[in-house]
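Encoded as structure tokens, the structure appears first; notes follow it.
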Amino acid sequence: MNRISHWIDGQVVESSSGRSAEVFNPATGEQTAAVDLATVDEVDAAVATAKAAFPEWRATSLSKRSEVMFRLRELVDANRKEIASLLTAEHGKVLSDSLGEVARGLENIEFACGIPQLIKGDYSEQAASGVDVYSIRQPLGVVAGITPFNFPVMVPMWMFANALACGNTFVLKPSEKDPSVNMFMAELLAQAGLPSGCFNIVQGDKVAVDRLLEHEDVAALSFVGSTPIAKYIYETGTKNGKRVQALGGAKNHMLVLSDADVDMAADAAIGAGYGSAGERCMAISVVLASDSIADELVAKIAERIPAVKVGPGNEAGNEMGPLITAAHRDKVKSYIDNAPGEGAAVVVDGRDDLPSEGFFINPTLLDNVTTDMACYTDEIFGPVLSVMRVSGYQDGIETINANPYANGTAIFTRDGGAARQFQFDVQVGMVGVNVPIPVPVSYYSFGGWKSSLFGDTHMYGPEGINFYTQAKVVTSRWPDPAKSTIDLGFPETR
């Protein structure tokens with residue numbers, strides 16, 4: 001049985017905890033590995049290593065840090081297929097989806113390559129007579145990331161690329177469900193020339209999470225996961241004096257107006273609802289269909305579902321793989337089980353014709369969903385697409401804005417005025433216009449509003465640079481010694 005351990009000070013370190021978690025191939029249901037679960041002392045060792053490495057890395061020139069990022073970019077690009085294969089083996093997503101995840105993660109490394117430009121400050125000459133004022137941004141120290149199972153390589157890249165480029169050192173606590181890919185990333189970082197100790201991995205569970213939240217030498221922490229845990233991470237981390245950005249759950253709506261291209265909307269709903277088996281925080285889980293086109297849209301979505309090829313992610317041609325664990329599959333299935341009793345219609349039943357092994361649920365379509373049903377109120381995080389009928393634009397916008405989640409949303413329409421009004425009115429962090437999954441490119445920043453985000457900064461992009469640095473303003477004067485005098489008055493700029 002393969003054993004997955006920690007990465008501390010540039011090498012694999014096996015745990016002495018005696019505790020481990022099972023890692024499965026979701027397509028077969030077989031256990032493929034056991035991952036160590038860290039002790040408090042092992043977390044402390046990783047943090048101490050990062051702290052010891054920080055002074056040298058902080059003092060490393062911007063051009064050298066950029067060079068490391070460029071080398072990492074080339075290594076990730078050269079190893080795309082191996083990284084994607086590791087993703088598929090432990091997460092279950094199909095290989096094409098894994099390759100897409102690697103590509104989007106790589107964008108963040110490419111963004112970090114520009115750190116000499118991104119971290120520039122400002123300079124004001126002669127702010128007062130003989131006085132210059134300038135601002136600089138400096139790293140925080142040891143920073144940590146706690147990342148989810150659904151994007152086990154992309155989300156860590158959201159964090160560590162900018163954090164390291166800014167001069168911080170990093171401790172990663174990845175999901176214990178699919179941990180192998182980040183061990184490979186640690187090897188690539190070492191090959192890229194990152195000094196030992198600058199990037200560390202502690203495998204673990206709540207023990208590791210809580211220690212990172214409490215540790216006095218961890219200056220900042222980034223998290224992506226469910227809303228209850230995001231709230232806990234934010235409250236606990238900030239209580240312990242840390243800078244925290246914690247991204248939570250979602251219930252993303254796609255509003256389809258009566259003038260929309262219905263075929264285009266149906267295609268988008270299939271891709272956004274069932275891609276990666278719905279295990280995306282940006283997945284569309286609710287289609288708000290205008291009454292006049294709702295029957296047609298439901299029919300078009302339903303007729304497309306049988307064409308979605310479901311099966312093991314490593315088999316060519318499959319478009320949707322299994323869910324991550326048997327327990328999660330059963331939870332998703334329970335929403336389908338309970339939907340008719342709440343008044344929803346199961347138009348396409350994903351419980352039918354399932355493979356005999358693995359953690360599969362087929363694409364499911366529910367109709368006549370209302371806001372009081374569990375399939376609407378809860379983040380299902382599976383291939384279950386709900387259709388809700390709305391009277392039109394105003395009804396749709398009110399439904400979206402009333403939801404406690406506010407991660408992503410989309411509108412499908414041919415009306416430019418309606419689209420512009422939508423982006424003005426909607427209370428959601430990321431908006432798509434005829435784009436169902438509006439994940440920002442790496443030079444913008446990712447994050448929702450309301451219960452989808454805890455903290456005041458979004459992730460990666462410009463806000464990521466700000467999160468991983470702190471501003472310092474320097475006021476300097478180099479006076480003529482012959483003119484030096486004592487002045488007890490309040491300093492003025494004029």
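Nothing in this text is a laboratory measurement; each read-out follows from the coordinates by a stated rule. Note that the coordinates shown come from a computational prediction; the quantities given were computed from them, not determined experimentally. Cβ coordinates were reconstructed from backbone atoms using ideal geometry, including for glycine residues, and neighbour counts include every protein chain displayed.
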| request: Write down the Kirkwood hydrodynamic radius of segment 163-233, to one decimal in angstroms, obtained as one divided by the mean of 1/r over all alpha carbon pairs. | output: 13.4 Å
| request: Quote the Stokes-Einstein diffusion coefficient, in whole µm² s⁻¹, for segment 21-65, based on the Kirkwood radius over alpha carbon pairs, a temperature of 10 °C and a viscosity of 1.306 mPa s. | output: 115 µm²/s
| query | Among Gly417, Ile324, Ala289, whose Cα sits farthest toward the positive end of the charge dipole of segment 252-433 (+1 at Cβ of Lys/Arg, -1 at Cβ of Asp/Glu, about the Cα centre)? | reply | Ile324
| task | Work out the length of the dipole vector of the chain about its Cα centre, built from +1 on the beta-carbon of each Lys and Arg and -1 on the beta-carbon of each Asp and Glu, and round it to the nearest 20 debye. | result | 1340 debye
| query | Radius of gyration and Dmax for segment 252-433's Cα atoms, expressed in Å? | reply | 15.7, 50
| message | Could you tell me which residue out of Met1, Ala112, Gly248 lies farthest along the dipole of the chain toward its positive end? Charges go on the beta carbon: Lys and Arg +1, Asp and Glu -1, centred on the Cα centre. | response | Ala112
| note | For Ser226, placing the label point 7 angstrom along Cα-to-beta-carbon and taking segment 382-400, residues whose amide nitrogen sits under 18 Å are 382-384
| query | How large is the helix-only mean residue ellipticity at 222 nm for the chain, computed as the sum of -39500 (n - 2.57) over DSSP H runs with n ≥ 4, divided by its residue count, in deg cm²/dmol to the nearest 500? | reply | -12000 deg cm²/dmol
| message | Below 8 Å between Cα atoms, with a sequence gap of 6+, how large is the relative contact order for segment 252-433 in percent? | response | 28 percent
| query | Ala144's amide H: which non-local residues (gap 5+, or another chain) put their own amide H closer than 5 Å, with H modeled 1.01 Å from N in plane and none for Pro or chain starts? | reply | Val171, Ala220, Leu221, Ser222
| Pair Ala345, Gln394: separation of 7 Å Cα→Cβ label points (nm) | 2.7 nm
| query | Across all directions of projection, what mean area in square nanometres is found for the Cα convex hull of segment 188-294? | reply | 10.4 nm²
| request: Show the residues, 5+ positions off or on another chain, whose built amide H is closer than 5 Å to the amide H of Val131. | output: Gln126
| FRET efficiency for Asp352 and Asn2, Cβ-Cβ distance as r, R0 = 51 Å, nearest 0.05? | 0.90
| said: Please list 3J(HN,Hα) in residue order for segment 328-338, calculated via the Karplus relation 6.51 cos²θ - 1.76 cosθ + 1.60 where θ = phi - 60°; whole Hz, with x for glycine and proline. | reply: 5, 4, 5, 5, 4, 4, 5, 5, 5, 4, 8
| request: Measure out, as a whole number of angstrom, how far apart the alpha-carbon centroids of segment 107-168 and segment 199-250 sit. | output: 20 Å
| query | Asp77 to Asp267: FRET efficiency via 1/(1 + (r/R0)^6), r the Cβ-Cβ distance, R0 22 Å, to the nearest 0.05? | reply | 0.15
| field | Cβ-derived FRET efficiency at R0 56 Å, Thr238 paired with Leu488, nearest 0.05 | value | 0.85
| query | Under 14 Å from a point 7 Å along the Cα-to-Cβ line of Arg58: which residues of segment 206-221 have their amide N that close? | reply | 217-220
| Reach of Lys206 by Cα under 24 Å, taken over lysines that are not fewer than 8 positions away in the same chain | Lys51, Lys173, Lys177, Lys231, Lys239, Lys242, Lys331
| remark: Per residue convex hull volume, Cα only, segment 133-204, in Å³ is 92 Å³
| request: Run the dipole for segment 91-191 about the Cα centre, Lys and Arg Cβ at +1, Asp and Glu Cβ at -1, nothing else charged, and hand back the magnitude in debye, nearest 20. | output: 200 debye
| Which aspartates and glutamates does Lys64 reach when only Cα atoms under 17 Å apart count, and residues fewer than 8 places away in its own chain are ignored? | Glu56, Glu74, Glu110
| remark: segment 1-156, convex hull of Cα, quarter of hull surface, nm² -> 12.2 nm²
| message | Once the cut-off is 37 Å, how many percent of the Cα-Cα pairs in the chain end up in the long-distance tail? | response | 33 percent
